[in-house]
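Peer 1: My questions all concern the structure below.
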Amino acid sequence: MLSLSNKQIILGVTGGIAAYKAAELCRLLIKAGADVRVVMTPSAAEFITSLTFQALSGNRVHIELLDEEAEAAMGHIELARWADLVLIAPASANFIARLSQGRADDLLSTLCLATNAPIAIAPAMNQAMWCNQNTQENLQQLNQKNITILGPGSGEQACGDVGFGRMLEPQEIVQGAADIFETGELAGINITITAGPTREAIDPVRYISNHSSGKMGYALARAAMEAGARVVLVSGPVELEAPPQVKLVAVESARQMLDACKVVPGDIFISVAAVADYRPANSASEKIKKNADTMELSLVKNPDILAHISLSDQRPFCVGFAAETQNIEEYARKKLEDKRLDLIFANNATDTFNSESALATAYWSDGEHPFPCSSKSSLARDMVSLIARCYRKSKVENR
Ligand code: C5P
């Protein structure tokens, strides 16, 4: 269950007898490596106590929409942005009806309206309620809105009836949640991603660098791997662990990054690294002593790695990033053209560097697509999905 490790999951629990099974579900999600925050509807709290979920998840349980304490710490909008997945189990007939109408009259329904993360529900109700036309129409609506419906199963019910409406077993729900991330959109595709900053040595102990944390590049590597790609991550020095199954090539300088990239590109090249534009003309072999009051540093331009790969003969599908502080679209489109890119993601450098969340707009020759603010992992999955679609389109057009 690799795809759930480090995933931030909101487990929504609504009022039904199957709520007791959500405790086991919470435990299994955590065992799979997820970070879980539980949101209960007030009626769920009639079936099982918040204390159970607090003990299992290690996090405070959220119930009230208007809760001063919660809003001061992690309020509903932060929770909505924090989530990689909102998983509602059990989802009662009442909650399904409210979700299909887009209601925002309690914390869980409000969260569902506010999040950009995928939503999955595991329905649980009496078989007659499940078969009722209203419920079926509500489910159809949720289906059209891309909400994943896990189950229900069939069998003996708590009320004594037999039929459809039993919540899936926790292990089956965990598998369904993992499948949401494992899209297969890039199955069999080879991808190289550059990430992080580069360091340009002044002498053996000093260097020029920038504030890039590598978070976006690492999130993309993970999302691409989960979408089925074979990923090589060429990374400058960062404090992050490479995602499992991703081949890490650790480099320091721009020239080392270029050398590594020349060997690996594959089908798609995604350049997220904040490559230092200049390096010291001469890097001293011994530590420079601070005898003088001033010091002059002469800089020379670094190679443009993305342009090098994109302008090469056997070029892969090339994706760039543009972190700008002004005229974002104009500069991004110029880079798209100058570097002959297939796709570029642009954002505001001041919002993005070192931050946990981001927003961006994708530009390509005859189109654009805005991505709203969300966690970098959620944004990365949406970006990977767009890259996969554009890549497939380019393959069809070049046939
Ligand atoms: O020209 P600018 O640095 O703004 O372009 C940004 C894009 O180019 C990013 O995708 C970045 O990873 C890439 N780049 C590169 N090598 C450089 C400079 C930028 O690959 N020397």
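The values are calculated or read from the model by the stated rules, or taken from the named source; none is laboratory data. None of the values given here were measured: they were computed from a predicted structure. Neighbour counts run over all protein chains shown; Cβ positions are idealised from the backbone, glycine included. With ligands, DNA and RNA removed, areas are computed over all heavy atoms of the protein, side chains included. Shrake-Rupley method; radii C 1.70, N 1.55, O 1.52, S 1.80 Å.
Peer 1: Below 8 Å, C-alpha to C-alpha, sequence gap of six or more: please give me the relative contact order for the stretch 85-183 in percent.
Peer 2: The value is 28 percent.
Peer 1: Would you mind computing, in nm to one decimal, how far apart the modelled labels at SER394 and ARG255 are, each placed 7 Å from Cα along Cα→Cβ?
Peer 2: Reported label-point gap for SER394 and ARG255 is 2.9 nm.
Peer 1: Using a 10 Å cut-off on Cβ atoms, rank the peptides 268-278, 35-45 from the highest mean neighbour count down.
Peer 2: Per-residue Cβ counts within 10 Å, averaged per peptide and sorted highest first, yield 268-278, 35-45.
Peer 1: Pull up all non-local amide H partners of ASN190: gap of 5 or more, or a different chain, and H-to-H distance under 5 Å with H placed in the peptide plane.
Peer 2: ARG230, ASP267, ILE268
Peer 1: Show me, for the stretch 302-317, the HN-Hα J-couplings you get by feeding each phi into the Karplus relation (A = 6.51, B = -1.76, C = 1.60, θ = phi - 60°), rounded to Hz, glycine and proline as x.
Peer 2: Residue by residue, the stretch 302-317 yields 7, x, 8, 5, 4, 5, 4, 5, 5, 8, 7, 5, 8, 5, x, 5 Hz.
Peer 1: Can you give the FRET efficiency to the nearest 0.05 for GLU169 and ARG103, using r as the Cβ-Cβ distance and R₀ = 30 Å?
Peer 2: 0.55
Peer 1: Still on this structure: Looking at the stretch 8-181, what % of its DSSP beta bridges pair antiparallel, to the nearest 5?
Peer 2: Antiparallel bridges: around 20 percent, rounded to the nearest 5.
Peer 1: What distance in nm separates the two pseudo spin-label positions at ASN94 and ASP203, each 7 Å out from Cα along the beta-carbon direction?
Peer 2: 7.2 nm
Peer 1: Roughly what % antiparallel, to the nearest 5, for the DSSP beta bridges in the chain?
Peer 2: Bridges in the chain that DSSP calls antiparallel: roughly 30 percent.
Peer 1: A further question on this structure: With each run of n ≥ 4 DSSP H residues scored as -39500 (n - 2.57), what mean residue ellipticity at 222 nm is computed for the chain after dividing by its residue count and rounding to the nearest 500 deg cm²/dmol?
Peer 2: -11000 deg cm²/dmol
Peer 1: Within the accessible area of the stretch 8-181, what % is carbon and sulfur when the probe is 1.4 Å and the other protein chains stay in place? Could you put the intermediate results ahead of the total?
Peer 2: Working: 3740 of 7630 Å².
Carbon plus sulfur share of accessible area: 49 percent.
Peer 1: Another question about this same structure. Report, in whole Å, the centroid distance computed from the Cα atoms of the stretch 306-385 and the stretch 90-133.
Peer 2: 35 Å
Peer 1: Can you work out the accessible area per residue across the stretch 66-223, with the rest of the protein chains kept in place, probe 1.4 Å, in square angstrom?
Peer 2: It amounts to 43 Å² per residue over the stretch 66-223.
Peer 1: Modelled label-to-label distance, ASN146 and ARG27, 7 Å Cα→beta-carbon offset: nm?
Peer 2: 3.5 nm
Peer 1: Here is a follow-up. Would you mind telling me the share, in percent, of accessible area of the stretch 213-330 contributed by carbon and sulfur at probe 1.4 angstrom?
Peer 2: Carbon and sulfur: 46 percent of the exposed surface of the stretch 213-330.
Peer 1: Next question. Length gain on complete extension for the stretch ASP267 to ARG315, per 0.36 nm per residue less the alpha carbon to alpha carbon distance?
Peer 2: Between ASP267 and ARG315, full extension yields 16.4 nm more.
Peer 1: One-quarter of the Cα convex hull surface for the stretch 8-145, in nm²?
Peer 2: 7.6 nm²
Peer 1: Taking 0.36 nm per residue of separation and subtracting the Cα-Cα distance, what length does fully extending ASN6 through SER285 add?
Peer 2: Stretched fully, the ASN6-SER285 segment lengthens by 96.3 nm.
Peer 1: Still on this model: Pick from LYS287, LYS145, LYS215: which is most flexible by mean-square fluctuation in a GNM of the chain where alpha carbon atoms under 10 Å apart are linked?
Peer 2: LYS287
Peer 1: Let me ask another. Explain nothing, just the number: relative contact order of the chain, from Cα pairs under 8 Å at least 6 residues apart, as a whole percent.
Peer 2: 12 percent.
Peer 1: Longer than 24 Å from Cα to Cα, which of LYS339/LYS393; LYS215/LYS335; LYS21/LYS376; LYS262/LYS301 are they? Say none if no pair is.
Peer 2: LYS21/LYS376
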